[in-house]
Amino acid sequence: MNPIATLALLLACAPLSSAQEQTEQLEALKNPDATLAQRQDACRKLALIGTAESVPALALLLGDPELSHMVRYALEPIPDPSVDAALRDALHTVKGRPLLGVIGSIGMRRDEQAVPTLAKLLADSDPAVAGAAARALGGIGTAAAAKALQSKLEGAPPVNISGVYPHLTMWNNGGECGTGGVVPWQGSLWAVTYSPHCPGGSDDKLYEITADLKQRIFEGSVGGTPANRMIHKESNQLLIASYLIDKDKNIRVIPPTRMFGRLTGNARHLTDPASKVYYATMEEGLYEVDVNTLDVKCFIRDGNGGAPDAGIRSRLPGYHGKGLYSGQGRVVYANNGDRGPRVKVDPTVKSGALAEWTGEGDWKLVHRNQFTEVSGPGGIHGNENPEKDPLWSMGWDARSLILALLDEGKWSYYRLPKGSHSYDGAHGWNTEWPRIREIGEKDLLATMHGTFWRFPASFSRRNSAGIAPRSNYLKVIGDFCRWNDRVVLGCDDSAQSEFLNKRPFKAKHGSPGQSNSNLWFIAPERLDELGPAIGRGSVWLRDNVQADTPSAPYLFDGYDHRQLHLTHQSASTVSFALEVDAHGNERWKPLCSIAVPPKGYVNHIFTEEEKGAWVRIRTDRNAARVTAHFQYRNADPRTPENHPIVAGVATPDRPATTGGLMGSLACNKLGVVAADEEGKPTGYYELGPKMELIRVNDPQAASALTAGVKQPLRSIEVDAASVVIIEDGKRYRLPGSRKDVRTTDEKVTEAPESRSRKHIEDYPADSLSKGASVPAGSTHEAFKGGNAVDGKTDEDSRWIAGVKGARRIGLDLPVVDQTAGFSQSRICREVATERDLLNIHGTFYELPARNAQGMAKVRPVATHNLAIHDFCSHNGLLFLTGIAADAKGEHIFRSADGKAAVWAGVVDDLWKLGKPRGKGGPWKNTPVKAGEYSDPYLMTAYDEKRVEVSASSDAAITLEVDLDGTGLWVPYKTFKLSSGKKTTHSFPKGFSAYWVRAVSDTGTTATVILEYR
């Protein structure tokens, strides 16, 4: 049954009170005093109960920029022709972004009467409108619609999918193809890409995107690993990578032979800004360039081997340079990594540096932490008043983000929460280039650790209020800018080398055959519509704190729910005094005082009245191993229903007739081995930039693709309580929402007895693991020969840390039948450089690389319950297979024979799916021993949380929470249970932690099940 018919049947069976409720919601919609949130909520309810009576009131709001989206959400399901008439009328009255939405809704409803008007819109001067009309006609799918499209085929606008134009894909032959710079200049958009480590040049290109979205490649490109860009106003030139582009678009090049290194930043000259600029490299090199003659002078030698013998050698700690800027009589430089084996496994290692240079000698260390962007109010032009204007630098450590401010010659530091942990890693490789840039709005836009930040252009010591999260995102962004009416984000999408991001439950050869990335064009308001912002961070993390010494200021504004966790290991009670800077003017006032008992723990949920721009903490005495950790989140307005954007992707109730395995074979080729409804291969297809799935008779290519990308089934268990994932010898539990489609027919629910249950002595005497002791970071424990088994170097066998106490050995061995082969649905794959997408039991998760603490820092994105067969990153897009038979729409692309189909969008479209939810826990009728802890169970980023606890005998079961995912366990609540009696508990609305676990004071059979709604 189609969705409209289903809704009609539900409405027919609804109680009479639906009419009354509809009237109430319409009144709320019309009420001029209602808040935006109240009116949006009315639209959500009308989507479920609305009838023809709702159409006139809703139609009046189709042009409202704030409400148009929700109004269409309410209108689309109403099974009445008056909706179609209203949408057709709106084609003549609505303008801008709401018009694009109206056109999309018409395509969703397949209104044949709209074809003539849509055909005219194909010639609209706005490419976005023309593209939307073309997609709507494709969705309608009638002969008249096809004729209209055919007549405009020659002049058709380029394919645009969720803001990505496949024909603008950029590529190289290196292990990674990131976007190093994106700058509007003389009517065009200019972009450069980079390869991973190419100080002497590479095959990366300089790209020009013209106003009509044509891509031009500069034939004289020299490549490298560039991310520098600057507009030099005196000479009227754009400096980007090794290129200088004048007002007439003439391009000059400084080859790597004259300016060696991975160019990372430009800055205005301290003494001759009219004719000279600075260039810095990722390995601390510093050059001076005359922008007229292109003469190059080296002050500090690049740290790579092969650098010319010029300039002094730098002794600055850290490496992997990022930002460069000048002002207040100095040049400021930032790097975000370090060398050595520990930085590759332990993200808590101190690394990186913020440094200054005043015209001679070496860099001078300012702060030993990981820093990236360095900028100021002048952005890529440089500060207007360099002696007075502030400088900013964004960085981080294991505790939180760090914002450094140089104001009036003095450095100050502020702390902000992390929205994602995928950017952590002491080596610095996972960040690319965070930026602070102007996008045509009052505030600047900043990107850092997966959050789009609203950043005031006036930020200074006495005017520090106003920083706020806009949303969380999943793409990896190297640079961005405003071009015409769009924010253009240059991304790092599909890397041929996954570097250190390896996992046993990923395909051996699932990465692209050729690195490629793209630009993402979005309306500025979309920056507020992606993932609901969450933020986690500490001012102290297991730190010894001096009495009456204030912490760094921590962001206190911009989130709906704010919570503070306090714990310490001192032998006496410690009192924590909180102070707020209400308006960001350095006027601190007391907020509250919280006493924490000896070696104790207290959490505090802030009220709406407890507010301010910044908060800081001080203790009344010296205290040992203190943690002050903040958990923030914004309200998640999503419902359990998926957005119509994924209409056509199969569900358990609407099974797929076409599935398939995919691989990005080259920058212009996505391979698809299609499958029928039984999961059996039916043919091999290739998809190019025109988004046409074409059958190719190449059995060898099909076989190679299948063998390389098929999903392995290692380290995953499903039992009665929840889903278990084993990584680096540790077990983690995730909620379940349904049985996974295509998961080997659910043949195995518990791990069989296997090698993973044996002791080291059961292995051959020549095992290399015997007697071994390989140190690793604190986040991965120590690899000990008595607890770990390995000795091979192939991808099926890895060193794994032993679990203390139980001495269980996690070998990353199969825990379900691996004979599923081709039909096995995708569980894990890298979809943006150096971070994975995990899809299990109907929920997508953001999964950091193992060197960024991996599973310990996983985060749910959306619960979808779709029957997805495979997913893959290619050309800046996310592709899904598992498509229903009758699926049509602007995101569905089907072969001419109908036997192959894919869904295409961007990874950040996943935020439009259902709100994260699920049910499960560490124990379900599980025999437990006294004092033995359960596996950790995920808690972070879920909204309503409720737990049910029971035991077969009298017992006291204590729940503990891991505050930040680093194993910082504290007791939350103890439940004293009578035999056979269950108790339930709802967590406070603002409460959050990363993981939860249980422990009993006696041996019993226990259940601890959490429900997230």
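The values are calculated or read from the model by the stated rules, or taken from the named source; none is laboratory data. It should be emphasised that the depicted structure is a prediction, and the values quoted were computed from it without experimental measurement. Glycine gets a Cβ as well: all are built from the backbone with ideal geometry, and neighbour counts include every protein chain shown. For the accessible areas, the whole protein counts, side chains as well, though only heavy atoms, and no ligand, DNA or RNA atoms are used. Shrake-Rupley method; radii C 1.70, N 1.55, O 1.52, S 1.80 Å.
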Notebook entry, point to check: If you take just the strands (runs of 3 or more DSSP E) that sit entirely in region 192-243, which of them hold at least 1 residues that are surrounded by 22 or more Cβ atoms within 10 Å (Cβ to Cβ)?
Noted result: 206-209, 229-232, 237-240
Check: How about region 91-122: which of its residues are closer than 23 Å to Ile522 by Cβ, open to solvent by less than 30 Å² (accessible area, probe 1.4 Å) and not in a loop (DSSP other than H, G, I, E, B)?
Finding: Pro98, Leu99, Gly101, Val102, Ile103, Gly104, Ser105, Ile106, Gly107, Leu121
Next item on the list: Residues being surrounded by fewer than 23 Cβ atoms within 10 Å (Cβ to Cβ) and among the small types (Gly, Ala, Ser): count how many of those fall in region 903-917.
Entry: 2
Checklist line | Tabulated pairs, region 205-227, first touching a residue at least 40 places away in the same chain (Cβ under 8 Å) and among the hydrophobic types (A, V, I, L, M, F, W, C), second in a strand (DSSP E or B) and open to solvent by 10 Å² or more (accessible area, probe 1.4 Å), C-beta under 7 angstrom, 6+ apart or interchain | finding: Ile209/Gln215
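Is there a residue in region 591-613 that is closer than 30 Å to Ile827 by Cβ, out of contact with any Lys or Arg (no Cβ under 9 Å at 6 or more places or on another chain), outside any loop (DSSP other than H, G, I, E, B) and open to solvent by 20 Å² or more (accessible area, probe 1.4 Å)? Steps first, please.
Residues of region 591-613 closer than 30 Å to Ile827 by Cβ: none.
No: region 591-613 contains no residue that is closer than 30 Å to Ile827 by Cβ, out of contact with any Lys or Arg (no Cβ under 9 Å at 6 or more places or on another chain), outside any loop (DSSP other than H, G, I, E, B) and open to solvent by 20 Å² or more (accessible area, probe 1.4 Å).
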Next item on the list: Only one of these is touching a Ser or Thr at 6+ places or on another chain (Cβ under 7 Å) and acidic (Asp, Glu): Asp302, Asp295. Name it.
Entry: Asp302
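Which residues, counting only those in region 886-905, are assigned to a loop (DSSP other than H, G, I, E, B) and in contact with a strand residue (DSSP E or B) (Cβ under 6 Å, 6 or more places away or on another chain)? First the steps, then the outcome.
Within region 886-905, the first condition is being assigned to a loop (DSSP other than H, G, I, E, B), and the residues that meet it are 886-891, 895-900.
Across region 886-905, the qualifying residues are His891, Ser895, Lys899, Ala900.
Those residues that are in a strand (DSSP E or B) and more than 15 Å from Thr1002 (Cβ to Cβ), I need them from region 965-981; list them, please.
Trp969, Val970, Pro971, Tyr972, Lys973
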Next item on the list: Hey, could you check region 276-311 for residues that are closer than 13 Å to Gly265 by Cβ and among the charged types (D, E, K, R) and say which is farthest from the chain's Cα centre (by Cα)?
Entry: Glu284
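If only one of Asp528, Asp620 is in contact with a strand residue (DSSP E or B) (Cβ under 6 Å, 6 or more places away or on another chain), open to solvent by 50 Å² or more (accessible area, probe 1.4 Å), at pLDDT 95 or above and closer than 30 Å to Thr169 by Cβ, which one is it? Let's see the steps before the verdict.
Values: Asp620 fails: closer than 30 Å to Thr169 by Cβ.
The conditions single out Asp528.
Among the residues that make up region 340-354, is at least one of them at pLDDT below 95 and touching a strand residue (DSSP E or B) at 6+ places or on another chain (Cβ under 6 Å)?
From region 340-354, those at pLDDT below 95 are 340-350; that's our starting set.
This time we only want the ones that are touching a strand residue (DSSP E or B) at 6+ places or on another chain (Cβ under 6 Å), so: none.
Scanning region 340-354, I find no residue that is at pLDDT below 95 and touching a strand residue (DSSP E or B) at 6+ places or on another chain (Cβ under 6 Å), so the answer is no.
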Notebook entry, point to check: Can you pull out the residues in region 313-326 that are within 21 Å of His232 (Cα to Cα) and touching a Lys or Arg at 6+ places or on another chain (Cβ under 8 Å)?
Noted result: Ser326
Notebook entry, point to check: Can you find even one residue in region 134-141 that is surrounded by fewer than 16 Cβ atoms within 10 Å (Cβ to Cβ) and in contact (Cβ under 8 Å) with a residue 12 or more places away in the chain?
Noted result: yes
Note to self: Consider region 70-90. How many of its residues are in contact (Cβ under 8 Å) with a residue 40 or more places away in the chain and open to solvent by 40 Å² or more (accessible area, probe 1.4 Å)?
What the structure shows: 1
Margin query: Among (1) touching a residue at least 24 places away in the same chain (Cβ under 8 Å); (2) buried (at least 20 other Cβ atoms within 10 Å of the Cβ); (3) of a type outside the set (A, V, I, L, M), there is one condition Arg301 misses while meeting the rest; what is its number?
Written below: (1)
Next item on the list: Can you tell me which residue within region 328-387, out of those that are open to solvent by less than 50 Å² (accessible area, probe 1.4 Å) and assigned to a helix (DSSP H, G or I), is farthest from Ala446 (Cα to Cα)?
Entry: Val343
Checklist line | Where Ser422 falls short, out of the listed (1) touching a helix residue (DSSP H, G or I) at 6+ places or on another chain (Cβ under 7 Å); (2) surrounded by fewer than 24 Cβ atoms within 10 Å (Cβ to Cβ); (3) closer than 22 Å to Ala227 by Cβ | finding: (2)
Item checked: Check on Ala900, surrounded by fewer than 24 Cβ atoms within 10 Å (Cβ to Cβ), more than 24 Å from Glu727 (Cα to Cα) and more than 23 Å from the chain's Cα centre (by Cα) -> no
Checklist line | Answer from Met691, Met662 - the residue that is under 29 Å from Ser162 (Cα atoms), in a loop (DSSP other than H, G, I, E, B), of a type outside the set (S, T, N, Q) and open to solvent by less than 20 Å² (accessible area, probe 1.4 Å) | finding: Met691
Notebook entry, point to check: Under the condition of being crowded, with 21+ Cβ neighbours inside 10 Å and among the small types (Gly, Ala, Ser), which residue from region 966-1013 is farthest from Arg562 (Cα to Cα)?
Noted result: Ala1006
Next item on the list: Scan (1) hydroxyl-bearing (Ser, Thr, Tyr); (2) open to solvent by 60 Å² or more (accessible area, probe 1.4 Å); (3) assigned to a strand (DSSP E or B) for the single condition Ser703 breaks and write down its number.
Entry: (3)
Item checked: Residues being open to solvent by 40 Å² or more (accessible area, probe 1.4 Å) and over 30 Å from Ala852 (Cα atoms) - total across region 388-400 -> 1
Next item on the list: Filter region 806-858 down to residues that are farther than 23 Å from Gly178 by Cβ, part of a strand (DSSP E or B) and open to solvent by 10 Å² or more (accessible area, probe 1.4 Å) and give me whichever is modelled with the highest pLDDT.
Entry: Asn839
Next item on the list: Give the residues of region 537-568 that are open to solvent by less than 10 Å² (accessible area, probe 1.4 Å), touching an Asp or Glu at 6+ places or on another chain (Cβ under 9 Å) and over 18 Å from Trp588 (Cβ atoms), sorted by residue number.
Entry: Gly537, Ser538, His565
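Could you please find all residues in region 636-658 being more than 17 Å from Gly905 (Cα to Cα) and surrounded by 23 or more Cβ atoms within 10 Å (Cβ to Cβ)?
Filtering region 636-658 down to residues more than 17 Å from Gly905 (Cα to Cα) leaves 636-641, 651-658.
Hits for region 636-658 are Ala656, Thr658.
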Check: How many residues does region 429-487 contain that are outside any loop (DSSP other than H, G, I, E, B), open to solvent by 10 Å² or more (accessible area, probe 1.4 Å) and of a type in the set (S, T, N, Q)?
Finding: 2
Margin query: Going residue by residue through region 268-286, is there one that turns out to be out of contact with any strand residue (DSSP E or B) (no Cβ under 9 Å at 6 or more places or on another chain), open to solvent by 50 Å² or more (accessible area, probe 1.4 Å), free of Cβ contacts under 8 Å to residues at least 12 places away in the same chain and of a type outside the set (Asp, Glu)?
Written below: no
